[in-house]
Amino acid sequence: MKLLLELSMECESLARAEAMSAVAALGGSPKELGSDAGVLIIEAGIDPQALLGRLGLCHKVSEWLGSTDPRGVDSLVENVDVPGPIRVRSTRVGEAHRDVDLAVMSRRAGGLLGKGRGVDLHSPASEVRLVFSGRVHAGRLIGSVDRTSFESRMNKHLPFHCPVSLHPKFARALVNLTRVPDGGTVLDPFCGTGAILAETHLAGLKAVGTDLSEKMVEGARANLEHVGAKAVTRVCDVGAIEGVVGEVDGIATDPPYGRSTSTNGEPLDELYTRSFRAFADVLGRGCRLAIAVPDTRVLDVAEGFRLLETHPLWVHRSLTRNFCALERV
C-alpha cells in the first residue's frame, strides 16, 4: 500500500527515521516514494493500523492518492476513486501556501468529489485529506496517532518524577529506531523513571530495564504500573548486564549526562566506554542500539558498532539530545 504520513515537525528528521524504522520492524521493506516538509510518502506491505500503533512522531496516516501543485488540485480530486459519502479536510505545514484559503479549498474539493457519492461531514465513508506543503498531497485517511496518550504519560503526571526524563513520544521514537519486530525484546540499561520501558511495552515489545539505582528501579516500577505497562526490571550496573539480562534483540536508552543525573561518581568517558562494551556483549550482529547522547563525540568509544544515523533535538540552552542509531557489527 502507498501511504501518506503527516509527520511531527518537532524533530522532523527523527520523525522520518522513526517512520521508516517502524515499517521495517513490521516487516514492510519500506520504499520512499516522495517527501516534503512534514510529509513522507512510502510504499510498504504492512497493516497501516499496526503502524499507527507503533508511531510516536506522526499525526495522520492515509492511503496516498496523489500529489500536485495547487493549480492541479481540481484535476487530482476529479480522478480520485473513493467510496462515499465523503468529507474533505485541508491542512498546511507551517507557512506553506498562506495565500490558499483552506476552508474554500475543502468545500471546492468536496463539491467535486461529492458528485455521485454524497457528502457527510459527520460520519463519512471516506475522509480525503489535502496537505499543503511544498506541493499538495492527497490521501484517504486511515487513522490518527493517539498523541494525547503520549501527553498523559509525561513524567509530571506520574507518581515518580525526574526532571530529565524523556517525553514519551521521543522515548517511543527511540524504541522504534531499534527496528525490533513485534514480540522482540528491548533493553534499557539506564531505565531511570521507566519512560522507554513503558513505550517499549505499549509498542508491542518485551521490555527489560536495569539501573544502578535501587530508587530509580522502584520508581520505574511505580510508573509502569500507573500507565498499565509491564517490564522486567533489575538493579544492576551496566557492566553486569550480560550476566543479569543475557542477549536481547535491541537496546534503547538515554544514559546519564552527568548534570542532574547521577553517574555514581564515575567520569562520563569511562561510563560510556564500559557501557558500549557491555552493549556489544548482549547484542547480536546486525542488531541495533538506539541511544540519546548530549554530544556525538561520545560515540567515538563505541567499539563494535557502526553509526547509522543521528538526529539532533535542541532541548534548551545547555542541552541538545542527539538521537542516534547504531548497528552491532
Residues whose modelled amide H sits under 5 Å from the amide H of V119, counting only those 5 or more places away in sequence or on another chain, are I86
Which part of the stretch 1-17 falls in the paramagnetic zone of V100, meaning amide N under 15 Å from the point 7 Å along Cα-to-beta-carbon? 6
Provide the per-residue ³J(HN,Hα) series for the stretch 182-187, in order, calculated from phi with Karplus coefficients 6.51, -1.76, 1.60 and θ = phi - 60°, each as a whole number of Hz, with x at glycine and proline positions. 3, x, x, 10, 10, 9
Round to a whole angstrom and tell me the spacing of the C-alpha centers of the stretch 1-71 and the stretch 96-119. 24 Å
Neighbourhood charge, 15 Å Cβ-Cβ cut-off, centred on D47 and excluding it, Lys, Arg +1 and Asp, Glu -1: -1
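For T273 and S75, calculate 0.36 nm times their separation in residues minus their Cα-Cα distance, and state this gained length in nm to one decimal.
65.4 nm
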Checked against the structure, the computed Rg and Dmax of the Cα atoms in Å among [x] 21.7, 72; [y] 20.9, 69; [z] 24.3, 78 is the one labelled [x]
I need the shape label for the stretch 148-328. Rule: rounded when a/c is under 1.5, else prolate if a/b > b/c, else oblate, with a, b, c from the alpha carbon gyration tensor. rounded
Between R92 and residues 5 or more places away or on another chain, the pairs with built amide H atoms under 5 Å apart involve F132
Quick one: angle between helix 102-114 and the longest Cα principal axis of the chain, in degrees between 0 and 90, rounded to 10, please. 60 degrees
Between the helical axis of 214-227 and the dominant principal axis of the chain, each derived from Cα atoms, what acute angle in degrees is found, rounded to the nearest 10? 30 degrees
At a Förster radius of 35 Å, what calculated FRET efficiency corresponds to the Cβ-Cβ distance of T320 and T68, to the nearest 0.05? 0.40
per DSSP, antiparallel bridges as share of beta bridges in the chain, % nearest 5, sits at 65 percent
Arranged by the count of other C-beta atoms within 10 angstrom, fewest first, what order do K156, K2, K31 take? K156, K31, K2
For 17-27, 290-300, ranked highest to lowest by mean beta-carbon neighbours within 10 Å, the order is 17-27, 290-300
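Tell me, F170, F150 in order of fewest to most beta-carbon neighbours within 10 Å?
Fewest-to-most ranking of F170, F150: F150, F170.
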Check which residues have an amide H placed less than 5 Å from C287's amide H, if you skip close sequence neighbours. R328
Convert each backbone phi in the stretch 267-274 into a coupling constant with the Karplus relation 6.51 cos²θ - 1.76 cosθ + 1.60 (shift: θ = phi - 60°), then list the ³J(HN,Hα) values in order as whole Hz, x for Gly and Pro. x, 4, 4, 5, 4, 5, 4, 4
Do the alpha carbons of any pairs in K60/K215; K2/K169; K60/K230; K2/K230; K2/K206; K2/K156 sit beyond 31 Å of each other, and which pairs? K60/K215; K2/K230; K2/K156
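Report the local net charge at A229: Lys and Arg +1, Asp and Glu -1, summed over other residues whose C-beta lies under 13 Å from its C-beta.
Local net charge: +2.
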The local net charge around D249, scoring Lys/Arg +1 and Asp/Glu -1 for residues other than D249 whose Cβ lies under 12 Å from its Cβ, equals +2
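Every number here is computed from the coordinates shown, using simple stated rules; none is lab data. For clarity, every value in this text was computed on a predicted model and none was experimentally measured. Cβ coordinates were reconstructed from backbone atoms using ideal geometry, including for glycine residues, and neighbour counts include every protein chain displayed.
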